[in-house]
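Below is one structure, written out as structure tokens; the observations come after it.
The values are calculated or read from the model by the stated rules, or taken from the named source; none is laboratory data. Computed from a predicted model, the values in this text were never measured in an experiment. Here Cβ is always computed from backbone atoms with ideal geometry, including for glycine, and neighbour counts include all displayed protein chains. To get the accessible areas, we keep the full protein, side chains included, count just its heavy atoms, and leave off ligands, DNA and RNA. Shrake-Rupley method; radii C 1.70, N 1.55, O 1.52, S 1.80 Å.
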Amino acid sequence: MITRVSEPCYVSPQALAIRWSVEPRTVRNWIEAGILPAHRIGVKLLRIDLRVALQFERRQRLAVSDACSS
């Protein structure tokens, strides 16, 4: 039996800030505080695993903006 493991999908702090209707600095503060796990790519680039972001969203009961849905 072969189990397929999907590749993780990563999102930017900016994309999450738009989704959650918060400032990008708020998302970066959560990352710096260790509340929201993220991966640093190079010196400046941060990316968050989408699955982790969705779990965080549910735990924190964050309101989701419909700005991205069309």
I need the full set of residues from segment 7-34 which are part of a helix (DSSP H, G or I) and of a type outside the set (A, V, I, L, M), in order please. Pro13, Gln14, Arg19, Trp20, Pro24, Arg25, Thr26, Arg28, Asn29, Trp30, Glu32
Those residues that are open to solvent by 80 Å² or more (accessible area, probe 1.4 Å) and touching a Ser or Thr at 6+ places or on another chain (Cβ under 8 Å), I need them from segment 19-56; list them, please. Ser21
Tell me, please, whether a residue that is touching a residue at least 40 places away in the same chain (Cβ under 8 Å) and either among the hydroxyl-bearing types (Ser, Thr, Tyr) or assigned to a helix (DSSP H, G or I) (or both) can be found in segment 35-49. no
Close pairs (6 angstrom Cβ cut-off, 6 or more residues apart or separate chains): closer than 15 Å to Leu46 by Cβ and among the polar types (S, T, N, Q) in segment 1-29, open to solvent by less than 80 Å² (accessible area, probe 1.4 Å) and at pLDDT 95 or above anywhere: Gln14/Pro24
